[in-house]
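A quick write-up on the structure given underneath.
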Ligand SMILES: O=C(O)CCC(=O)C(=O)O
Ligand SMILES: [Fe+2]
């Protein structure tokens, strides 16, 4: 890891910039001013996780990463050419075919919660493969590790009306994370427990 630390720092800086732009576009898509989500500090916590999946001799008996949705606000994911990532859409698993140079951007549970279902977090998993080792780099925007944060996150007030009532209760990021990790990876159970 020391060998590529400069590359990872540079990568972090660039994905951070990309994240800011994405949060601006997502704010606008919700009909809010571009700086809305960054003012809410959705881009403030960043966690970079590098995954290594060794080749699996019996992939039909194993799973690379179990079914889950990401807990934070947004994930920028880089996968290599091996494949195996799938998203759950309309009751079936769909392969996310690797595209060289492309990122996969996943909406996380907390963005679903504050957008009051305007955006939906996506369930995904990674199948085990026996062809070759697989590497992916996940960059999570979430304040998991800002335990002192006292900001409460709930459905954005500007998005609510008589017809669009709040669907979730407010939460601290750390309380959401505690619940998410206490139940483990398994479908989208964590966010449903915050539904009113
Ligand atoms: O390895 C991948 O492509 C996905 C990993 C993942 O879903 C995660 O880290 O949350
Ligand atoms: Fe994930």
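What follows is calculated from the coordinates using simple rules that are stated; it is not laboratory data. Every value quoted in this text rests on a predicted model; they were computed, and no experiment measured them. A quick note on method: Cβ atoms are made from the backbone with ideal geometry, for glycine too, and the neighbour counts reach across all protein chains shown.
Can you bin every Cα-Cα distance in the stretch 53-184 into 5 Å intervals starting at zero and give me the percent of pairs per bin, rounded to whole numbers?
Calculated P(r), rounded to whole percents: 2, 10, 16, 19, 17, 14, 10, 7, 3, 1, 0, 0.
Kindly provide the helix-only [θ] at 222 nm of the chain, computed as the sum of -39,500 (n - 2.57) over DSSP H runs of four or more divided by all residues, to the nearest 500 deg cm²/dmol?
About -7500 deg cm²/dmol.
Listing 56, 50 from the residue with the fewest other Cβ atoms within 10 Å to the one with the most, what is the order?
50, 56
Report, as a whole number in µm² per second, the diffusion coefficient that Stokes-Einstein gives for the stretch 1-118 at 10 °C and 1.306 mPa s using the Kirkwood radius over alpha carbon pairs.
In µm²/s, the coefficient is 97.
Within 10 Å, count the other beta carbons around each residue, average over each peptide in 151-158, 112-119, and list them highest first.
With the highest mean Cβ count within 10 Å placed first, the list reads 112-119, 151-158.
Give the peptides 83-92, 22-31, 4-13 in descending order of average Cβ contacts within 10 Å, highest first.
Answer by packing, highest mean first, reads 22-31, 83-92, 4-13.
Looking at the stretch 45-192, what % of its DSSP beta bridges pair antiparallel, to the nearest 5?
So the antiparallel bridges in the stretch 45-192 amount to around 95 percent.
Which order results if 99, 65 are arranged by neighbouring Cβ count within 10 Å, fewest first?
Least crowded to most crowded, the residues run 99, 65.
What percent does the relative contact order of the chain come to when contacts are Cα pairs within less than 8 Å and at least six residues apart?
So the answer I get is 25 percent.
Which whole-number percent is the relative contact order of the stretch 79-195 (Cα, under 8 Å, 6+ apart)?
With pairs under 8 Å counted, the relative contact order is 24 percent.
In terms of the Cα gyration tensor, with a ≥ b ≥ c the square roots of its eigenvalues, is the stretch 126-196 rounded because a/c is under 1.5, prolate because a/b exceeds b/c, or oblate?
prolate
Given Cα pairs under 8 Å that are at least 6 residues apart, what percent is the relative contact order of the stretch 75-138?
Reported relative contact order: 45 percent.
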